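Here's the structure we're looking at; comments come further down.
Any read-out appearing in this document is the output of simple, stated calculations on the displayed coordinates, not a laboratory observation. This is a predicted model, so every value here is computed, not measured. Don't worry about glycine lacking a Cβ; one is built from the backbone with ideal geometry, like all the others, and counts go over all protein chains shown.
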Amino acid sequence: MPQDANQFGGIFMMVILFALMYFMMIRPQKKKDKEVKQMRDSLSIGDEVITIGGIHGKIVKVNDEVVTLEMAHAKQRIEFSKWAVGSVAKKGKDKSEAKQETDDAEDTPAEEDK
C-alpha cells in the first residue's frame, strides 16, 4: 500500500503544479490579450496611436482589418494592419462629440449677400 500512496502523491503534485502554472502564467496572459483586442476593436478616427514598430500617428481611416495613420511630418499616410497598433497614446473625439460639432457648424446661419 505505501506504493499506491506514493503514486497518488506524484499525480497530486503534478496537478498542483499545473494549477499553479495556469493561475500564474496562462490566465494573466489571456486577460491581457482580451484587453488588447478590445483596444484594437475600439480604434476610431482621431485617435493618436503608437504602432508596435514605434511609429506615432493619428488615425484618419479605419476598416475591419486596416487602419490608415497620418504622420505629423509632411502629412504622410501609411496603412497598417490593426494588429500592428501597440497602444493608444491619446483618444480622439468621441463620435457623439464630433457629430455635435458638425451639427453646431450646420446650425450656424450663413451671412446673407446684400
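Each of Asn6, Ile52, Leu20 was scored by the projection of its Cα onto the charge dipole of segment 6-60, and the greatest displacement toward the positive side belongs to Asn6; charges sit on the C-beta of Lys, Arg, Asp and Glu.
The slack in the chain from His56 to Met39, taken as 0.36 nm per residue of separation less the alpha-carbon distance, amounts to 4.5 nm.
Counting Lys and Arg as +1 and Asp and Glu as -1, each charge on the Cβ, what is the dipole of segment 15-65 about the Cα centre in debye, to the nearest 20?
Using only the charged Cβ atoms, the result is roughly 240 debye.
Rounded to the nearest 0.05, the FRET efficiency derived from the C-beta distance between Phe23 and Lys90 at R0 = 30 Å is 0.30. Counting neighbouring Cβ atoms within 10 Å and putting the fewest first, the residues Phe80, Phe12 line up as Phe12, Phe80.
For segment 21-81, applying the loop criterion from DSSP together with a ceiling of 12 other beta carbons within 10 Å to the GluC sites (Glu not before Pro) yields Glu65.
Determine the gain in length on full extension of the stretch Ile78-Met14; use 0.36 nm per residue of separation and subtract their C-alpha separation, reporting nm with one decimal.
18.0 nm
The local environment of Val49, defined by Cβ-Cβ distances under 14 Å, has a net charge of +2 under the rule Lys, Arg +1 and Asp, Glu -1. Ordering Leu20, Leu69, Leu43 from the fewest to the most neighbouring beta carbons within 10 Å gives Leu20, Leu43, Leu69. Under a Cβ-Cβ cut-off of 12 Å, what is the net charge of the residues other than Phe23 that fall near it, where Lys and Arg count +1 and Asp and Glu count -1? Overall, the nearby charge balance is +3.
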